[in-house]
1. Using r as the Cβ-Cβ distance of GLU415 and THR335, and R0 as 35 Å, what FRET efficiency do you calculate, to the nearest 0.05?
2. Roll a 1.4 Å probe over the protein chains and send me the accessible area per residue for the stretch 43-115 in Å².
3. Helix 230-245: angle to the longest alpha-carbon principal axis of the chain, degrees 0 to 90, nearest 10?
4. Can you give the charge dipole size of the chain about its Cα centre, rounded to the nearest 20 debye, using +1 on the beta carbon of Lys and Arg and -1 on the beta carbon of Asp and Glu?
5. Considering amide H positions built from the backbone, and no H for Pro or chain starts, which residues 5 or more places from GLY282, or on another chain, come under 5 Å of its amide H?
6. As an exercise, use a Förster radius of 41 Å and the Cβ-Cβ distance of THR408 and HIS94 to find the FRET efficiency, rounded to the nearest 0.05.
7. Which value, in Å² and to the nearest 10, is the accessible area of HIS126 when all protein chains are kept and the probe is 1.4 Å?
8. Counting heavy atoms of the protein chains only and a 1.4 Å probe, report the per residue accessible area for the stretch 130-273 as a whole number of Å².
Amino acid sequence: MGSIQATRGTRDILPEEIRYWQQIEAAAREILGRAAYQEIRTPIFEQTNLFERGIGEATDVVGKEMYTFQDRGDRSITLRPEGTAGVVRSFIEHSLNAQGGVQRLWYCGSMFRYERPQAGRQRQFHQIGVEVLGSPSPRADVEVIAIFADILQALGLKNLVLNLNSIGNASDRLQYREALVAYLTPYKSDLDADSQDRLTRNPLRILDSKDERTQAILLKAPSVLDHLNPDSSHRFEQVQTLLTDLEIPFLINTRLVRGLDYYTHTVFEIQSADLGAQATVGGGGRYDGLVTELGGADTPAVGWAIGMERLVILLQQLHSLPAANVDFYLVSKGTQAEGQAVVLAQKLRHGGFTVELDLSGSAFGKQFKRADRSGAAACLILGDDEAANQTVQLKWLATGNQAAIAQTQLVAQTEELRQQIHAARILH
Ligand code: HAM
């Protein structure tokens, strides 16, 4: 029988790669913590109608990409394709608004979309996201964008462009939709097939078309910014002013509408020139109508999500990350020695050291080779003689210096040992 492989569109994140993930998570956790965001974890699957109502039935995500199935109790269940709908459901269900003020939440986890897999696009992928619920202020929009930019900067990423647009409130959008349909209808037969289909279902998404002919037609299309009412326009100007105050460069992109239906006013995406076809590192925007749409009290909100796979690709291009440091590689041979090694390893770990215990029982020569490859600062050697008199050989791998030391003494002098390990690393 052949071996079983990971399902198409999913992949394993092996230890060599996980370091990048941990780096991203650590940077995000720290930056979000400093801005008083709290972590939330919601279920990976939800009732299907949450996404149908939240994201919109005319969107690609709901129409074509959801992992939906009947469970054994005949309920329609969907693996979450994104995080916002679940967070909003939780916000309503637990009356988080009753705590007053603004809820600043963040999350990190797997999302699922049945898309055609390619570099930076998978069926199971991961997002870090934030949702700020309860503030209508443009300052909230700018705060979340600034945090997004901070995370990317902390990771050392460059060549990124912030695309910014406003799609106004629901009535601005309706007016714009009419103007766009009126402009495009005479060209209907020249549009690509997807766009023809969208002309009635979801015309704003035509602005996203990658088709050259459609793009040429769009050159003279009306701009959404000309259809904002004065309040919406003023709001968008405030966002831009604050971004400028923060020295966050941005590009106004009037074609940016995003793929989910819940957005209002500010929408944005951060793109990288180093990612190929899947250039969007992350995106988000304001969604003032979603909480009421899902049955909650009127609550303005804004947020974003970063695609972690895409960040990992960018980080891998940027630098390599070394494996975590091992302090001691412990080799042992002989019944008594192997038993003592287990105890010694435990005591050193309790003292705060990283200890890799060789469990092979193979000849010393083979164990030494592995010690050399481990990247450890020092090798500890326990054979029959050492076991008989409760000592251990301590060999510094950078210099080859070696001396016997009583096991009790080794465990007792943690501070001195720590300094020696530090010095050995500098030598390495
Ligand atoms: P989204 O634009 O659908 O927004 O996804 C955000 C990011 O997730 C994308 O920019 C991309 O980096 C990543 N992503 C999406 N699909 C895939 C995939 N198939 N494979 C790999 N990465 C992918 C949202 O999901 C909104 N919930 C963001 C948001 C939060 N808006 C307001 N609050």
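1. 0.60
2. 48 Å²
3. 30 degrees
4. 700 debye
5. The answer is ILE270, GLY307.
6. Efficiency, from the Cβ-Cβ distance: 0.15.
7. 40 Å²
8. Numbers: 6800 Å² over 144 residues.
On a per-residue basis, 47 Å².
The values are calculated or read from the model by the stated rules, or taken from the named source; none is laboratory data. From a predicted model like this one, the values you see are computed outputs, not experimental measurements. Quick reminder, even Gly has a Cβ in these numbers, built from the backbone with ideal geometry, and neighbours come from all protein chains shown. Just so you know, the surface numbers come from the protein's heavy atoms only, side chains and all, with ligands and any DNA or RNA stripped out. Shrake-Rupley method; radii C 1.70, N 1.55, O 1.52, S 1.80 Å.
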